[in-house]
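Every read-out reported here was derived from the displayed coordinates using simple, explicitly stated rules and does not represent laboratory data. For clarity, every value in this text was computed on a predicted model and none was experimentally measured. No Cβ is skipped: glycine too gets one built from the backbone with ideal geometry, and neighbour counts run over all protein chains shown.
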Amino acid sequence: MPPTTAGDSVDPAAILDEGRRAFAAGDYSRSEEILLTALAAGANERDCRIHLARICNLLQQWPKALEHWQWLRNWQPDALEPQLQVARALFRLERFQESALEFRRVIELETDHAEAVKWFLKAAEQGEPLSQYDLGQRYEKGVGVPVDLAESYKWLKLAADQQQPDAIARLDQVRKTMSSEQTAEGKKRVAAFRASRTGKPAEQGSTTTR
């Protein structure tokens, strides 16, 4: 039962404290129930939602987690953790394009955020063109990764082939800076990536990709 005060009036802060104690004890289902009661009773919404968001992460309830993290992100737009958690939840829901946009916002908050780069790679490997374009730029300029023009070519080419407009323009510029050996290696990596997606082996010595 929720804590009450004299006159049987509900004390939202006391309910919130009870929910925190259940969370600390690892009783996440009970904690969630109590925290939702606290939220409805008018307890501090930020404190309720941060605990609810963490519970949903632990229970892998990604739609609910996304709802809470989005509220927290909107409440404090410059905070890194809610922004990162929104991007993670979207990725786990296989909403890759939206996830890529949110990871971009993480990188706007912290340029060399290693985890955001890792998740960008995962989205790029799923074929998400904005993530592929972003990785291509990073390998071109060495932002959070080593400079590697062949790898830059690979990701930009894959994004450009999906008509990502920024990648089309950037690919033309990167080509002009590459040696013939780097270009051949980039084409080889494009072919290998496509083969990994289709399950068919890449053709040996194929350099037909522009």
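Here the Gaussian network model covers the chain, with springs between Cα atoms less than 10 Å apart; of Pro82, Pro129, Pro63, Pro63 fluctuates the most.
Residues of segment 80-117 falling in the label zone of Arg46, defined by backbone nitrogen less than 13 Å from a point 7 Å along Cα to beta-carbon, are 80, 82. Working from Cα positions, state the angle (0 to 90°, nearest 10) between the long axis of helix 45-58 and the longest principal axis of the chain. The answer is roughly 60 degrees.
Averaged over residues, the count of other Cβ atoms within 10 Å places the peptides 104-110, 22-28, 156-162, 74-80 in the sequence 156-162, 104-110, 22-28, 74-80, highest first. Dipole check for the chain: with +1 at the C-beta of Lys and Arg, -1 at the C-beta of Asp and Glu, and the Cα centre as origin, the magnitude is about 1080 Debye. Measuring max minus min along each principal axis, the C-alpha atoms of segment 18-93 give extents of 30, 23, 18 Å (largest first).
Pairwise inverse Cα distances across the chain, averaged and inverted, put the Kirkwood hydrodynamic radius at 19.6 Å.
In the chain, taking the dipole from charged Cβ atoms about the Cα centre, the farthest positive-side position among Leu156, Ile50, Val10 is held by Leu156. Compared with the rule-of-thumb size 2.2 N^0.38 Å for a compact globular protein, segment 56-108 has a Cα radius of gyration ratio of 1.01. Ordering Leu39, Thr111, Ser196 by the projection of their Cα atoms onto the charge dipole of the chain, which places +1 on the Cβ of Lys and Arg and -1 on the Cβ of Asp and Glu, puts Ser196 at the extreme positive end.
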